[in-house]
Each structure stands twice: as C-alpha cells, then as structure tokens.
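Single-structure report; data block below.
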Amino acid sequence: MQKIEVASIAGGADLAILSEPVLVINQKGKLVELRAEYAIYDRNGLQVAAVRGKRLSSRMQVVDMEGRPLFDLRRESNLLTSKVVVADEYGGKTGRIVPSMNPNKKDRRFKLEDAGNKLIGAVHSDDRGRHRDFHVQDTGGSVVARITKTRASLAKELFTKGDNYVVEFPGHVTGPLRLLSIAAALVVDTAFHQR
C-alpha cells in the first residue's frame with residue numbers, strides 16, 4: 001500500500017477521499033469471498049483509502065493508507081428494511097442510507113439522511129434494472145455525484161464478484177452528503193452485485 005500525506009485541519013484530516021472529484025472503488029476479485037476488500041483510488045491511480053470487513057458481517061470500515069479509520073458502514077436490519085448507518089472516524093453517526101419501500105419505484109431508490117434522520121438526498125438508478133449507472137441528488141434535485149459500475153474482463157465477471165465503481169463529483173460536495181455518496185457505491189455493490 002502506498003502512503004498518503006495527511007494534514008490535520010479542525011478536528012479532521014484533509015484527505016483526498018474528501019476532496020477528489022473522481023474516486024475509483026475497486027473490489028478485489030476472488031473465487032471464494034470471505035472478506036470485503038476494496039481499494040479506493042484517486043483519478044491518477046494513487047490509492048488513497050481501503051475498505052475492510054467480512055462479507056457476512058454487518059460492518060465495513062474505510063481506512064486511510066496508514067490504517068486509521070475514516071468512516072464506517074453498519075447495517076441495521078429489521079423486518080421491513082436494511083438501513084446502513086454511516087459513522088465518522090470517532091464512531092459518531094454521520095447519516096444513513098435507507099432503501100426505498102415504494103414498490104412502484106422501478107429505479108430502486110435509496111434515501112440519504114443526515115445524523116438526525118432528515119432527508120438530504122437520494123440515489124437513483126439511471127439504467128432501470130441493470131444497476132450499473134446511478135446518480136445522487138440533493139433535496140433540490142441537483143446531481144451531486146454519479147456512480148458507475150465499470151465492466152471488468154469477461155473472465156473476472158464470470159468467475160469472481162470483483163467490481164469497479166467510479167464515483168464522480170461534478171461540483172464541490174462536502175460533509176455528510178459526500179460521505180454518503182461514497183458509501184452509496186459500497187451499498188449499491190452489496191445490494192445488487194454480491195448475490
């Protein structure tokens with residue numbers, strides 16, 4: 001793993017994952033998958049973070065290149081839906097990703113909520129049924145991020161579950177909406193492509 005420079009600012013870290021306009025999330029392809037292993041790269045191909053966790057567990061953690069936690073995802077299951085809580089590096093709730101319960105929505109939308117469970121955005125599928133292209137909107141309907149599942153080689157797609165996701169931010173997005181947009185790519189992967 002390559003090291004990245006971390007400069008402290010107002011109780012947090014100035015990391016590429018928080019400022020890069022393009023992130024590539026690459027899942028390591030394996031025949032038998034017991035661990036969730038992803039690498040997160042910037043637009044120049046420099047690894048800036050990693051995701052660790054167990055595939056069958058309800059938690060995945062995003063860490064910097066020194067192994068320090070940046071944020072984590074915890075699945076809260078109940079009888080009706082599976083919500084994903086996103087917490088900051090200190091364990092404080094940043095927000096959550098909630099699947100839409102509307103059976104009439106063919107785009108399989110996810111709601112994005114802040115720490116107080118107030119709606120701050122949504123994730124929509126652009127390609128109805130294929131689940132390869134998504135966009136994240138704020139509450140005003142503006143697109144703040146695009147998530148695209150890119151094609152792997154035929155052999156990789158036939159024999160493993162290793163996927164690549166590109167998360168693009170067309171403008172400057174900060175705070176909970178940015179973290180939830182990045183986390184949404186991992187949720188999309190586990191919801192649609194890891195069955």
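The values are calculated or read from the model by the stated rules, or taken from the named source; none is laboratory data. Since this is a predicted model, take the numbers as computed values, not measurements. Every residue, glycine as well, gets a Cβ built from its backbone with ideal geometry; the counts of neighbours run over all protein chains shown. The accessibility values were calculated without ligands, DNA or RNA, using every heavy atom of the protein model including side chains. Shrake-Rupley method; radii C 1.70, N 1.55, O 1.52, S 1.80 Å.
Selection within the stretch 43-59: residues that are of a type outside the set (Ser, Thr, Tyr) and modelled with pLDDT under 90. The member of this set that is nearest to residue 16 (Cα to Cα) is 52.
Counting just the residues of the stretch 60-82 that are in a strand (DSSP E or B), of a type in the set (D, E, K, R) and modelled with pLDDT of 90 or more, which one comes out least open to solvent (accessible area, probe 1.4 Å)? Quick ask: steps written out before the conclusion?
Keep residues of the stretch 60-82 that are in a strand (DSSP E or B), which gives 60-63, 69-77, 82.
Still in the list and also of a type in the set (D, E, K, R): 72, 74-76.
Cutting the leftovers down to modelled with pLDDT of 90 or more gives us 72, 74.
Details: 72: 9, 74: 82 Å².
Among residues in the stretch 60-82 that are in a strand (DSSP E or B), of a type in the set (D, E, K, R) and modelled with pLDDT of 90 or more, the one least open to solvent (accessible area, probe 1.4 Å) is 72.
The criterion of at least 1 residues that are of a type in the set (Val, Ile, Thr) and at pLDDT below 90 is met, among strands (runs of 3 or more DSSP E) falling completely within the stretch 93-187, by 143-150. Just one of (1) within 19 Å of residue 188 (Cβ to Cβ); (2) modelled with pLDDT of 90 or more; (3) not hydroxyl-bearing (Ser, Thr, Tyr) fails for residue 37. It is (2).
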